Amino acid sequence: MLKQNNNSEQSLTKKVWNLADVIAAAGVGFTDYIIQLTYLLFLKMDYEKTLLGNTSTIPDGYGWKDLTSLDGFDLIRQYEQTLDTLSKKEDLIGSIFTKAQNKIQQPVLLKRVISLIGEENWLSMDGDLKGAIYEMILEKNGQDKKSGAGQYFTPRALINAMVDVTNPLITETVCDPACGTGGFLLAAFDYMKKQSNDRGKQQFLRNEALYGNDITPLVVTLASMNLYLHGVGA
C-alpha cells in the first residue's frame, strides 16, 4: 500500500539538488543527471501505479523493481538494457525513452540516485506538486545550459480557469502548440472525462483527443511522462 506523501516541494527538491552536486563532483554533467533522474523517476511512478491496481505497459523484466535489487555493474547492465528496450517500443513509452542512454557510469552513484527516488511515494503527491517538480527540473536545466531561452509555466489556477471558459467537449480534440509539461492538456483531460461514461468516447479521449508540441526535447519527455501517468495514451 502507498501512504500519502506530505513532504513539501521544497524538501523534495532540496534532496534532488543536493545529490546533483555530489554527482557533478564525480564528473557527471548536470543536464545528464537531470535526464537520468527523469527516466528513473518515471519508472518509480509507473511501479507505484501498479501498487494502486493500475496496469503498466512496461515489459516484464524492465521495470523499477528489476533495478532496486541490484548493485555494482549488474545494476549498470540492467539499467542500460532497460533504456535500450524501452526506447524501441512503438508507443508513448518509446516516445519517453527516445534515444535514451545511461550517463551515470559509476554503479555507486546510480545506486544513490535510485535510493533517493525510492524513499518517496511520488505518485501520491497531488497533481500540482508533481507538475511543479517537473517544471523546477526544466528551470534548473535551463539555468545550467544558459541558453537564454526562457521558459514560462502557466499557473495551474489560470490553466483551470481557461479550460472552464473554453469548455472543451469529450468528442472534440485539444491541441497545445507549446505544451510544456502538459498542464493544459491534463486539465482539459480531467474536464472532459467527467462528461460521459461512454466507453467509446473515453477511449477517444485517452488515445486520440489530445495533441501537444514543444521545441525542447526534455520538455516533450516530461509531458509524455505526465500524460502516461494520468492514463493518457497508456
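Every number in this text was worked out from the coordinates using simple rules, so none of it is lab data. Because the structure is a prediction, the values reported are computed rather than measured. Reconstructed Cβ throughout: ideal geometry from the backbone, glycine too, with neighbour counts over all protein chains shown.
Arranged from fewest to most other beta-carbon atoms within 10 Å of their beta carbon, Thr55, Thr154, Thr85 become Thr55, Thr154, Thr85.
Counting neighbouring Cβ atoms within 10 Å and putting the fewest first, the residues Arg77, Arg156, Arg199 line up as Arg199, Arg77, Arg156. Sorted fewest first by neighbouring Cβ atoms within 10 angstrom, Tyr211, Tyr39 come out as Tyr211, Tyr39. Working note: Debye formula, equal point scatterers on the alpha-carbon atoms of region 156-215, no solvent; log10 I(q)/I(0) at q = 0.13, 0.20 Å⁻¹ is -0.30, -0.70.
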